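I have placed the structure first, in the form of structure tokens, so that the comments after it can refer back to it.
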Amino acid sequence: MRGYFGIGVEGISKPMNVGNLLRSAHSFGASFFFTINPTVDVKGMKESDTSDAFGHLPFYNFEKPADLLLPMNTSLVAVEFLPDAVDLPSFRHPQQAVYVLGPEKGNVSDEMLARCDYKIKIPMKFCINVGVAGALVMYDRLICLGRHADRPVHTGGPNSFAPQHLKDSQILCK
């Protein structure tokens, strides 16, 4: 995949959630991970980090949104359930991006939103776990910017496939 991305959280309060997000960031190939003003002992995240992401990803902790340092030419993207945010399936990910998610029982701060170039949301009925939300954003980035075959028109994978137990009359697309 071309480009790079970092991901982090502001005001996080549950160590297992941020540990989950950190593990997912490691798995999806994030360049770095950060926290801003966490209300939890960041060391507690290691309990849910079974991939040893702390040993593989640069980790930064900032006290306030103004302290967040970004590489040059990087877009800051808030992942937030806001009416004016762009639905994730309609968003074109920047090649150089940093994604920030809010706390479990709150929102990305107004100070952070003011710094963001984009606001995106996952089109759902209500907010979901911060680790799951971050993983969905990173998966969408992978689908959009990765080098994968286009989705086939028929059901299944890119190669013509039908389970062996089906009869020809049961297969609608070949």
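The values are calculated or read from the model by the stated rules, or taken from the named source; none is laboratory data. Only a predicted model underlies this, so the values are computations on that prediction, with no experimental measurement involved. All Cβ positions, glycine included, derive from the backbone under ideal geometry; neighbour counts span all protein chains shown. Side chains are part of the model used for accessible areas, which takes the heavy atoms of the whole protein and leaves out ligands, DNA and RNA. Shrake-Rupley method; radii C 1.70, N 1.55, O 1.52, S 1.80 Å.
General observations
- Residues of the stretch 1-31 falling in the label zone of Arg147, defined by backbone nitrogen less than 14 Å from a point 7 Å along Cα to beta-carbon, are 1-3.
- Global geometry of the chain, whether rounded, prolate or oblate, following the gyration tensor of its Cα atoms and the 1.5 cut on a/c: prolate
- Principal-axis tilt of helix 130-145 within the chain, Cα atoms, nearest 10 degrees: 60
- Charge dipole magnitude, Cβ of K and R +1, D and E -1 - the chain, Cα centre, debye nearest 20: 580
- With all protein chains kept in place, the per residue accessible area of the chain amounts to 59 square angstrom at a probe of 1.4 angstrom.
- Charge dipole of the chain about the Cα centre (unit charges at C-beta), most positive-ward option of Tyr4, Leu142, His56: Leu142
- The chain - percent relative contact order, Cα under 8 Å, separation 6 or more: 26
- Helix 15-28 and the longest principal axis of the C-alpha atoms of the chain enclose an angle of approximately 50°.
- Set of aspartates and glutamates with alpha-carbon distance to Lys125 below 17 Å, sequence-local pairs under 8 removed: Glu80, Asp84, Asp87, Glu104
- Gain upon complete extension [Arg115, Met72; 0.36 nm per residue less C-alpha separation]: 14.1 nm
- Glu104/Asp140 FRET efficiency (R0 22 Å; Cβ-Cβ; nearest 0.05): 0.55
- Accessible-area composition of the chain, carbon plus sulfur, in percent [1.4 Å probe]: 52
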